[in-house]
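Just below is one structure, and these are the notes that go with it.
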Amino acid sequence: SRELVAALDLHTVCQSARCPNQNECWARKAATFMIMGDLCTRTCRFCTVPKGKPLPLDSDEPERVAEAARRMALHHVVVTSVDRDDLPDQGAGHFVRTIEALRAALPKAVIEVLTPDFRRKPDCIDAVADARPHIFNHNTETVPALYAKVRPGARYERSLALLARVKDRQPKVHTKSGLMLG
């Protein structure tokens with residue numbers, strides 16, 4: 001699987017964030033692909049993904065993600081991304097194209113997205129929600145009192161509003177969030 005991801009010039013959050021559970025997930029036919037490069041425009045203190053000025057989007061990436069997921073025979077595909085505050089749509093269109101490519105390649109797989117907050121751009125949230133992933137995930141990461149310290153530039157209330165907007169717009173799409181412990 002590592003060789004396949006490398007051969008298709010893809011990134012996984014499993015590798016970029018040095019996740020200790022990578023082998024367990026891949027053995028269960030689940031993987032988390034990180035789209036839009038491996039350089040993030042934000043500096044969240046908890047994350048080990050490299051920060052910097054990202055390269056332009058790779059227009060073939062959605063199809064390569066779908067091809068990797070198909071070859072890996074995944075049952076659950078999570079698509080996340082670095083933050084791309086440099087893009088007018090913050091990468092929402094790239095999420096949509098990736099969801100569509102995955103649905104075509106693996107019609108029975110569960111597609112989950114783990115998105116950034118799309119900083120005050122509700123049309124970006126709507127675009128991804130309207131692509132109807134099975135699960136729309138946006139992590140709050142921490143409690144409100146620690147937000148400014150842990151997630152500079154993000155807002156707890158904005159994260160909750162994003163999840164509410166998705167549920168209002170697409171009631172059948174499951175929404176979820178996560179917290180870091182430890």
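So for region 102-182, what percent of the C-alpha to C-alpha distances run longer than 15 Å?
That fraction is 56 percent.
For region 58-85, list residues with backbone N below 11 Å from a point placed 7 Å from the Cα of V110 toward its Cβ?
75-78
Given the Cα-Cα distance of L160 and L8 and 0.36 nm per residue of separation, how much length would full extension add, in nm?
51.2 nm
Taking only the alpha carbons of region 31-182, what extent do you get along each of the three principal axes, in Å, biggest first?
42, 35, 33
According to a simple spin-label model (label point 7 Å from Cα along Cα-to-Cβ), what is the distance in nm between V150 and K172?
In this crude label model, K172 to V150 measures out at 3.4 nm.
Throughout, read-outs are computed from the coordinates displayed, never taken from laboratory work. None of these values were measured; they are calculated from a predicted model. Positions of Cβ are generated from backbone atoms using ideal geometry, with glycine treated the same way; all protein chains shown enter the neighbour counts.
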